[in-house]
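Structure record follows, encoded as structure tokens.
Laboratory data are not the source of any read-out in this text; all were calculated from the coordinates shown. Everything quoted here is computed from the prediction, not taken from an experiment. Cβ atoms come from the backbone with ideal geometry, glycine included; neighbour counts cover every protein chain shown.
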Amino acid sequence: MSEVKSGWGKVLPVTIIVTAAVTIGISALLVNIVERKEEGKHTFFRVVEVTDDTDDPAVWGKNFPLQYDAYKRTVDMERTRYGGSEAMPHLPSQADPRSVVTQSKIDEDPRLKTMWAGYAFGVDFREERGHAYMLIDQRNTRRVTEFKQPGTCLNCHASTYVAMKKLGNGDLFAGFEKINMMPYGEATKNVKHPVSCIDCHEPQTMQLRVTRPGFLEGIRNLKASQGVANYDVNTMASAQEMRSYVCGQCHVEYYFKGDQKRLTYPWHKGLKVENITAYYDEVQHKDWVHRDTGAPVLKAQHPEFEMWSQGVHARSGVACADCHMPYKREGGQKISDHHVRSPLNNINRACQGCHHFSEQEMKGRVEEIQNRFFQTRNVAMDALVALIADIRAAREKGATDAQLTPAWGFQRKAQFYLDFVEAENSTGFHAPGESLRVLADSLDFSRKGQLALRDLR
Ligand code: HEC
Ligand code: HEC
Ligand code: HEC
Ligand code: HEC
Ligand code: HEC
């Protein structure tokens, strides 16, 4: 403040000082606002270079520590009434080194063993848990250690993008075809991490992208059935659609096609259970022959994407990420919560941005939907188990395959419909009305199957 001392009069210097102070203050505020706005636009300071070959999430994490910290929290295990997961102690052994697993679904409900008699799922099937476990849980399930599985299994259980490109000498699809045909034990040596940043993000722009050949082909077939030719999800989908499509890479029904064991999403006729059944019937696919009845049957797995598509949230444009990766504020930043988990453990951020009811009320609404679903599911399950017992009895009394064929057809459908909503992991929430409709159809198939046997007496 040399000016003050050098005799500029008394009023002026004070004015200058005040003006300067205010100016500095305003500038600081402006800088702060600009910085916050910039942060809001997800501009970021790159600490390390990330390329299209960097599959280690820890490297990406140096540039995006907040997303990475949340991503690592998918190790957490927290139970909800029907979902989440429960930590069960497990004695590590040579065959299975895990010290914590989740509860066994087939022990919780032994009727599942009857439904899946003669199939690997009848031996080991557990509650799912967070993304951090996807690779270790697959490597150690008895479905892998006691049954021969193809490399195809890895598509949804590891960061496969870079591994596939390497195996295909730069060609993702060539690598996909190669890994599918390898025995699991060999294929799994090519991967190191669970689903990673590179599987959902383009490294330069951080834009969302689909990297899974199974989804790229599946959605193209689906769109073709709706009259849209040559659909390319990465250039033609909206930003909001991508917030569900990145999850639809894995949370879908699938099968391994032919000797190539090609991972295939059966969406050629649509996403509804009857569309998928019609496709499987047309290509004459069966997952296995039921041990007790001899029926050629199907196994459904986690059709979250398909069922969500039938619900009011999808219809209203609400994406998987809206509920499972809701925005949160950290510092001045609005970021997506990469701790992917049950939204019931995060109701405030997951639901209350749109629904202005208390947390307790939102939880109550979900549980009411789930209780109704679970009750109906149990009724449908009893009916299926009764049908299986009746076919088995008819077979033991000497009914021929030709005589059993009509009842087998009904078992195949009753079982697949029930399994479709059972394997769907929201306990009916993603599409409440559709879930109950599918269970009602399943019940009807079980009933008709029993009627078909009546004629044999
Ligand atoms: C409107 C919010 C909402 C949307 C949108 C949504 N979900 Fe969910 N999701 C839920 C709720 C609520 C549950 C039940 C959680 C529970 O029972 O603990 C659930 C359960 C799940 C589960 C089982 C979680 C667990 O902890 O057991 C998975 C997996 C899942 N959703 C995946 C998806 C996928 C994939 C999509 C998009 C295709 C999607 N969800 C869209 C709200 C949503
Ligand atoms: C199209 C993607 C996809 C493919 C292919 C796939 N999985 Fe999964 N898997 C998932 C998803 C999604 C979950 C979590 C939801 C669930 O458990 O229903 C899961 C869960 C699991 C789990 C944990 C829960 C359980 O079932 O005990 C195991 C183990 C597993 N898969 C093994 C396998 C094996 C073995 C194969 C190959 C035969 C395979 N997966 C192929 C997507 C896939
Ligand atoms: C590369 C395949 C893959 C992608 C992509 C993927 N998931 Fe998963 N997800 C899985 C598998 C496999 C599991 C089960 C892991 C286990 O049980 O070990 C799982 C588990 C979950 C769970 C259960 C968590 C818990 O604590 O019980 C939720 C919820 C979930 N995923 C939602 C999503 C959402 C939302 C997206 C998209 C933002 C998504 N997933 C993308 C494969 C995937
Ligand atoms: C299963 C898919 C998936 C994986 C894996 C994933 N992300 Fe994301 N990420 C998303 C989604 C969905 C968004 C929301 C994007 C949008 O709305 O445009 C997002 C947004 C972001 C953003 C933009 C800012 C924000 O938070 O919304 C950054 C940065 C980011 N992710 C970093 C990472 C990093 C780092 C990793 C690995 C540690 C990672 N992501 C793993 C799905 C994923
Ligand atoms: C992005 C906005 C948005 C988010 C997030 C959202 N919802 Fe919704 N929800 C809607 C819209 C839109 C409807 C359709 C009814 C309407 O238009 O008001 C709806 C309907 C519902 C319904 C009644 C419809 C049905 O399925 O029968 C329930 C229950 C519900 N939401 C629960 C939840 C829960 C629980 C969460 C959090 C896990 C959630 N919602 C998150 C927008 C949202």
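Ordering Glu177, Glu253, Glu274 from the fewest to the most neighbouring beta carbons within 10 Å gives Glu274, Glu177, Glu253. Sorting the segments 344-350, 289-295, 238-244 by their residues' average number of neighbouring beta-carbon atoms within 10 angstrom, most packed first, yields 289-295, 344-350, 238-244. Cys residues of the chain that find no other Cys beta carbon under 4.7 Å: Cys153, Cys197, Cys200, Cys323, Cys351, Cys354.
Extension gain for Leu456-Thr145 works out to 107.8 nm (0.36 nm per residue, less the C-alpha to C-alpha distance). Listed by chain and number, the aspartates and glutamates whose alpha-carbon sits under 17 Å from that of Lys166, ignoring those within fewer than 8 places in the same chain, are Asp52, Asp53, Asp55, Asp56, Glu177, Glu186, Asp199. Subtracting the Cα-Cα distance of Gln207 and Gln352 from their residue separation scaled by 0.36 nm leaves 49.6 nm.
Against the empirical 2.2 N^0.38 Å (N residues), region 292-411 has a Cα radius of gyration ratio of 1.62. Over the chain, DSSP H runs of length four or greater, each weighted -39,500 (n - 2.57), average out per residue to a 222 nm ellipticity of -15000 deg cm²/dmol. Put a dot 7 Å past the Cα of Gln240, heading toward its Cβ, do the same for Ala440, and the two dots end up 3.0 nm apart.
Fewest neighbouring Cβ atoms within 10 Å first, the residues Leu451, Leu443, Leu298 line up as Leu451, Leu443, Leu298. The chymotrypsin sites (Phe, Trp or Tyr not before Pro) of region 344-377 that DSSP puts in a loop, and whose beta carbon has at most 16 other beta carbons within 10 Å, are Phe357. Counting neighbouring beta carbons within 10 Å and listing from fewest to most, the residues Trp267, Trp60, Trp288 come out as Trp288, Trp60, Trp267.
In summary, the convex hull built on the alpha carbon positions of region 94-133 has an orientation-averaged projected area of 3.6 nm².
List, in the order given, every pair from Lys189/Lys286; Lys113/Lys148; Lys286/Lys413; Lys223/Lys261; Lys105/Lys192; Lys72/Lys189 whose Cα-Cα distance in the structure shown is over 18 Å. In this structure, Lys189/Lys286; Lys113/Lys148; Lys223/Lys261; Lys105/Lys192; Lys72/Lys189 lie more than 18 Å apart at Cα.
The Cα atoms of the chain define a convex hull whose projected area, averaged across directions, is 29.8 nm².
Taking 0.36 nm per residue of separation and subtracting the Cα-Cα distance, full extension of the segment from His90 to Glu368 would add 96.8 nm.
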